Amino acid sequence: MFDANFKACEEVIKMAAEARVGKSEWEVKVPEKPLKEKLYFENLKAKVIDTNLCSHCLTCACVCPVDGIIAVDGVDFPDYEDRCTDCGACVRVCPRFVYEPRSGLGSYIDFIAGRSKRFAGQDGAMVTELIVSAMEMGMIDRGLFVGRDEKWATEIFHVRDPEQLAISTLGGTKYTFATVLPELKKAVRFTKRGIGVIGTPCIVSGVRKLQQEFPIFREKVKLVVGLFCTENFHYDDISKFLQEKGVDFDKLIKTDITKGKFIATMSDGEKVKFKVKELEEILPSGCNVCTDFTAVESDASVGSVGSEKGFSTVAVREENAKKVIEYIKEKGYADFGEADTSQLDFLIGHKKKREENIKKD
Ligand SMILES: Cc1cc2nc3c(=O)[nH]c(=O)nc-3n(C[C@H](O)[C@H](O)[C@H](O)COP(=O)(O)OP(=O)(O)OC[C@H]3O[C@@H](n4cnc5c(N)ncnc54)[C@H](O)[C@@H]3O)c2cc1C
């Protein structure tokens, strides 16, 4: 593991150095430093972290060659004065350093409803089905899944064999930030065929920035499955909130947001429900300024809204995802139906309005 991390760091340092002396084969533009005398990380901190723009996607942590950037309450590089090499990689990949908010349904080839016949998931388990099918097709040899521990803290699993999905906590939605992108740094070193990444819209934007800036991610990330997303939460905030609502984490088996309600389901069938509006008090500032509900930059986006209960809504955006859907159809691995895009309008509009209100304040 150390060796793999070391090699990944070496690669980022080499690319940063080549960029500085103009030797690289691809065009590298390091954004201007607004604070000219300061390190790049200090610029990232001043422009994104301290201004509450940070989405917690951790793309910066994925490329930091000295592994100095970490996820704590927010995102930080505690000893940057001593360790930051000022390579500029963090500002090059941060989707919010030069922020171009995205919105709407995005472009797509097909918008469908699907329900896997092989897997159980949050809705129709189409996320799991897409990744496993891509693995069976040989498009990828691993998928990065967001699992959880018994207290619902997120953990990343490198799934290389569908049998690993016997761990039932790998499917389903965790309303907590996850360290998908720092794990991607490890995955690119080990993969032979390619990697499937699953993530919220901010993670998807991070992957695209990585692919734009570092060829290794273009080469190795072969499928990006985005999740529809209204908001996500810091682990400490949401777990404290849920405990105060009477949620017993030892019994909690599912969390869901549907029709304006947060629903926590326990193993004995008990449900704790409350209006999702109540979560506004712990809404992270980076989610407040996000307008991308459907993960428009993904290869395929999957969500709950837009199809009937038990199905996932799938926006098939790129040819690679289309091929996986064709494979699933050919094998008869899922039931398909129609999705209703108009059902997404409210949440797309809600995110736009929320961001406009923040700008006004
Ligand atoms: C924070 C969050 C907010 C969401 N908000 C909405 C919404 O407002 N409206 C809507 O229609 N859909 C929303 N979704 C998507 C929805 O909850 C389902 O994930 C989606 O419908 C896919 O269901 P599935 O059964 O196909 O997925 P499954 O086959 O169950 O797979 C889901 C996969 O999502 C990944 N995942 C789980 N939690 C996280 C996380 N925190 N970060 C990154 N990846 C994760 C896991 O790898 C898991 O394997 C949200 C998802 C998340 C994570």
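List of remarks:
- Residue list for segment 266-290, filter: within 23 Å of His56 (Cα to Cα), away from the ligand (no atom under 12 Å from the Cβ) and not aliphatic (A, V, I, L, M): Lys277, Glu278, Glu280, Glu281, Ser285, Gly286, Asn288
- Verdict on Asp256 being surrounded by 14 or more Cβ atoms within 10 Å (Cβ to Cβ), among the acidic types (Asp, Glu) and modelled with pLDDT under 95: no
- Test: residue in segment 187-200 that is among the aromatic types (Phe, Trp, Tyr) and more than 16 Å from the ligand (Cβ to nearest atom): yes
One line per residue, one yes/no per condition, for (1) within 13 Å of the ligand (Cβ to nearest atom); (2) touching a residue at least 60 places away in the same chain (Cβ under 8 Å):
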residue	(1), (2)
Asp292	yes, yes
Ser298	yes, yes
Ser307	yes, yes
Lys323	no, yes
Glu330	no, no
Gly337	no, yes
Asp340	yes, no
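- Across segment 115-153, the number of residues qualifying as more than 9 Å from the ligand (Cβ to nearest atom), of a type in the set (D, E, K, R) and more than 17 Å from the chain's Cα centre (by Cα) comes to 7.
- Considering the conditions (1) more than 30 Å from Lys251 (Cβ to Cβ); (2) not in a helix (DSSP H, G or I), Leu130 is excluded by exactly one of them, (2).
- Elements of type strands (runs of 3 or more DSSP E) in segment 268-361, at least 2 residues being more than 30 Å from Gly138 (Cβ to Cβ) and basic (Lys, Arg): 271-275
- Flag if Lys259 is of a type in the set (Lys, Arg), within 16 Å of the ligand (Cβ to nearest atom) and under 28 Å from Gly124 (Cβ atoms): yes
- Pairs where the first residue, in segment 108-128, is on the phi > 0 side of the Ramachandran plot and outside the structural domain of Glu319 (by TED's automatic domain parsing) and the second is at pLDDT below 95 and part of a loop (DSSP other than H, G, I, E, B), C-beta under 9 Å, 6+ apart: none
- Inside segment 47-57, residues that are farther than 18 Å from Pro31 by Cα and touching a strand residue (DSSP E or B) at 6+ places or on another chain (Cβ under 7 Å) make up a count of 1.
The values are calculated or read from the model by the stated rules, or taken from the named source; none is laboratory data. On a predicted model such as this, the values are computed, not experimentally measured, just so you know. Don't worry about glycine lacking a Cβ; one is built from the backbone with ideal geometry, like all the others, and counts go over all protein chains shown.
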